[in-house]
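Have a look at the structure below, then the notes.
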Amino acid sequence: MRGMNGGNDDGAGVLLAAAGTRVPDGLAGELAALGHVVGSLEAPPARPVAGVLAAAPGGLEAAEGILRDWRLRGLAAVCLADGGDAAFLSALADLKPAALLPLPVSRPVLAVALAGAASQCGEDVGERLAVLKSLMDAAVNPIYVQDAAGHYIGVNRAFAAFLGVTIESAQGLTAGAIFSDEIGDYLAERDREILAQGGVQQFEVALEDAWGRERHLVFHRARFEDAAGVPQGIVGVATDVTDSKRVEKDLRDEQEVLRRILAGIRAGIFIIDPRTQVVEDVNPMAEELCGRAREELVGRRCGDIAWSDPEGRPLPTCSVLAERNILNEEMRLARPDGRILPVIKTVVTAKRRGELRLFEIVFDVSERKALERQLAVAQKLESIGELAAGIAHEINTPTQYIGDNLHFLSTAFDGVSQALAKVEAVARRLAEGAGDAAALAAVEAARAEADVDFLLDEAPHALEQSVEGVARVTAIVSAMKKFSHPGGEEKTAVDLNAAVENTVTVAKNEWKYTSDVILELDRTLPPVYCHPGDFNQVILNILVNAAHAVAAKVKGTTDKGRIVIRTEADGDAFKLSVADTGTGIPAEHRRKIFDPFFTTKEVGKGTGQGLAITHNIVVTKHGGSIDFESEPGKGTTFTVRVPFGAPPPAPGAPGELS
C-alpha cells in the first residue's frame, strides 16, 4: 500500500464485515475513495490485505470469530465500535485489532488506521516468514518452494547442499536446468498433475547428488493457492531413502541367501506362537515334508501335525517345546497320504517382529535311515556270509569224502554182486554134479538168511539215493558260497539266472513246505552289469515275501501254492517277475509298501525294511524300476526292470586321463 490517504494504485483489497450491527452506510464508498477494492466475506476481493469490522454490543462473540479468521489469513484488522459502554470497548480491545475506532469515523482517520494496520501486518508477515525460513533451514530433509512455472523460489540449506549450490544461486532455476532432461521432463509432468488435481502427491525418483552419487528420494508435495483459490506453486519435501533401500536390499539378499541355504540343506521351518501354539508360517520344504499346502498349515495348532516318537507313539502337543530344549531329536511325521517320514527336529526360540517365537527346524532323514538299514543288512549279510563260507568249507571236505566213497561203494557193490552170482552158480553146479542135496540146501539157507535178493535189489537204489543226496548237499554248499561272496562295490557282469537259482536254493526252507517254485528262465539273456550282492538281496526279499504270502493263504490246509519266477528281456532292460498265489495286497496298503517301517506282518515276523531296501537298490542304485500288480485273495506279481548296462571302460581307454 502506498500512503493510504490518497489513491492506492496497487488495488489492495479490503474485506468489510459487521458483527451485531450492519455495515455503516457510506463506509464502502469511503474505502473505495481511498483506492481499495472492497469486498465482503461472501465475495472477497482478489488480494485482500486488511479487513474493517463494524461491531456492536451483542456481536462480541461473532466479532471474535471474524477477527480470529482474519488473523489466521494474515489480514490486518480495523475494528469500528458502534456504540456500547466501556466494558464493551475493553472487550473489543482484548481481541487485539490493529486499530479500535468509534463510529462515526472520518476518512483521514480511517486512512491512518488502515496504514498502521498494514504496517503491523507487514511486520507480522516478515516475522512469520523469518520463522518459516529458520524452520526450513533447520530441517534435515530437502525442502523447496517452486512457482507454477517450475522455478525454485525458495529452498532450504539441505536442498542447496544436495544440489551443490548456494541458496541464492538456486533461485529461479528449474528441475530441468539442474538434473537430466529425462528427470526434468518427469518432474514437470508431476508438476502439471498436482497443479491440476491438488491434494498431496508422493513418488520416488532416483537423482544424482552434487558428488555424482545416485540417491533415491521420496517426494511429498502439495500445491499452494492465493486467496481466490488459484494455484500459485508447489511446496515439496524430499526424504533420502537410499540408505534404507540399501539396508532393505541387503536384508533381502541375506534372506535369499538363508532361503537358499535352507532349501539346499532341505530344512523344513515351522514358526509357532508359544502362547497360542498356532503355526504362523512355514517354508516350502515344510510343506513338502508335511504333504500339505501352506494354507493348510498356517493358522492351525501345531498339535494338528502328527508327530510321533521313533517307536510310533504319538507325541504330546507342542506345549512341551516351550518347556525344554529339543536338539536333533529323532521323530516320525505322518503325512495325509499315509507315509511315515523319519525326521530329526531341533527347536530354538528367537524373536520375530519383537515377539518370542518357536522355530522348529526339521530334516527328512529317510535316505540316511535307508543307508543305515542297508549298512545293517550288509553287515549282517557279511557276517552270515563269512559264517556260511566257513560252514560251506567245513561241509565241503567231508562231503567230497562221502561222495567219493559212495561212488567207490557203488562200483564195488556191482563187482561184489557179480562175483557172488558167479560163486553161487559154481557152488550149485558142484553140489548138483555130486548129487549133494545137503550142500544145495545149505546154499539156499545161507542165501535166505542173508536176504541176498533184497540186498541185491535195494542196495544199488540206496547207494544211488545217497549219491543224489550228496549232490544236493554239494549244490546247497555251492549256492551258499556264491551267495556269501557277492563281489565288490563295482558293478560287474552277473548271470542273474544263476543268481535266481542260487537264491531259490538258499531260501528253500522258506518255501518248500508251502509252495512249489517254478523257474521260467530265459537262458539266452546276456549278463547284467549290477552289484551282485545287492541283487541277491532283491531276489531274496521278493521271494521271501512271496513265500510268506502263500503260507498265510494255505495256513491250516494241506494245499500248496505256487511261486513262478520268470526272466526275460524287455528292450534294453532285464526283466524279473515273481508271481505268487498268496493273499494279495489290500488296496489301502499298496501306496505304502515301499515305505520304511511299513509292514502288515505280525510282531517279530517283519521289520518293514525289506521292500524299502529293495526299492532303493533297484531304483536308486541301478536306475531301474519296481512295480507290482495284486488282487486280494488271488496273489501278487512283482516286476523288476534294470538296464543290462555296459562294462566300465578299461584303464587307458581313449578319451580318459591316465
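The values are calculated or read from the model by the stated rules, or taken from the named source; none is laboratory data. What you are looking at is a predicted structure, and each value in this text was computed from that prediction instead of being measured. For neighbour counting, all protein chains shown are included, and Cβ atoms are generated from backbone atoms with ideal geometry for every residue, glycine included. These area figures cover heavy atoms from the full protein model, side chains too; ligands, DNA and RNA do not enter into them. Shrake-Rupley method; radii C 1.70, N 1.55, O 1.52, S 1.80 Å.
Figures for the structure shown
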item	result
K621 accessible area, 1.4 Å probe, all protein chains in place, Å² to nearest 10	70
Residue-by-residue Karplus 3J(HN,Hα) for the range 344-356, coefficients 6.51, -1.76, 1.60, Hz, glycine and proline x	10, 10, 10, 10, 10, 10, 7, 8, 10, 6, x, 10, 5
Amide H partners (placed H, <5 Å) of R357, local residues excluded	A350, K351, R352
Diffusion coefficient, µm² s⁻¹, Stokes-Einstein with Kirkwood Rh over alpha-carbon pairs of the range 135-246 at 10 °C and 1.306 mPa s	111
Sparse-neighbourhood loop sites, trypsin sites (Lys or Arg not before Pro) in the range 508-551 - DSSP loop, at most 16 other Cβ within 10 angstrom	K512, R523
Where the range 47-103 is the region considered: accessible area per residue in Å², 1.4 Å probe	46
Nearest-0.05 FRET efficiency for I395 and V452, computed from C-beta distance (R0 30 Å)	0.25
Cα centre as origin, Lys/Arg/Asp/Glu Cβ charges: the range 487-647 dipole, Debye	480
Two-decimal log10 I(q)/I(0) for the range 487-647, as the Debye equation yields it once each C-alpha is a single scatterer, q = 0.15 Å⁻¹	-0.79
Per residue accessible area of the range 233-364, 1.4 Å probe, in Å²	57
Estimated FRET transfer efficiency when R0 is 56 angstrom, pair T349-K133 (beta carbons, to 0.05)	0.55
Largest to smallest accessible area among W511, W70 [probe 1.4 Å]	W511, W70
Whole-Å distance, taken between Cα centres, linking the range 203-269 and the range 507-525	76
Zero-based 5 Å bins, Cα pair distances in the range 47-103, whole percents	4, 21, 36, 23, 11, 4, 1, 0
Average accessible surface area per residue within the range 487-647, 1.4 Å rolling probe, Å²	49
Low-density loop positions, GluC sites (Glu not before Pro), the range 488-571 - DSSP coil, at most 11 other Cβ in 10 Å	E489, E490
In the range 225-268, the trypsin sites (Lys or Arg not before Pro) that fall in loop regions by DSSP, at most 13 other Cβ within 10 Å	R266
Accessible surface ranking that places the most exposed of T581, T558, T411, T242 first, with a 1.4 angstrom probe	T558, T411, T581, T242
Kirkwood Rh and Cα Rg combined as Rg over Rh, evaluated for the range 528-592	1.05
S410 accessible area, assembled protein chains, probe 1.4 Å, Å²	30
Heavy-atom accessible area order for D273, D304, D337, D559, largest first, 1.4 Å probe	D559, D304, D337, D273
Pairs of lysines in the range 487-647 (C-alpha under 15 Å apart; 8 or more residues apart or interchain)	11
Local electrostatic count, L195, Cβ distance below 15 Å [Lys/Arg +1, Asp/Glu -1]	-2
Sulfur and carbon atoms: percent of accessible area, the range 47-103 [1.4 Å]	55
Computed FRET value (nearest 0.05) for A293 with V200, which takes r as the C-beta separation and R₀ as 51 Å	0.80
With all protein chains modelled, accessible area of V218 [1.4 Å, Å²]	20
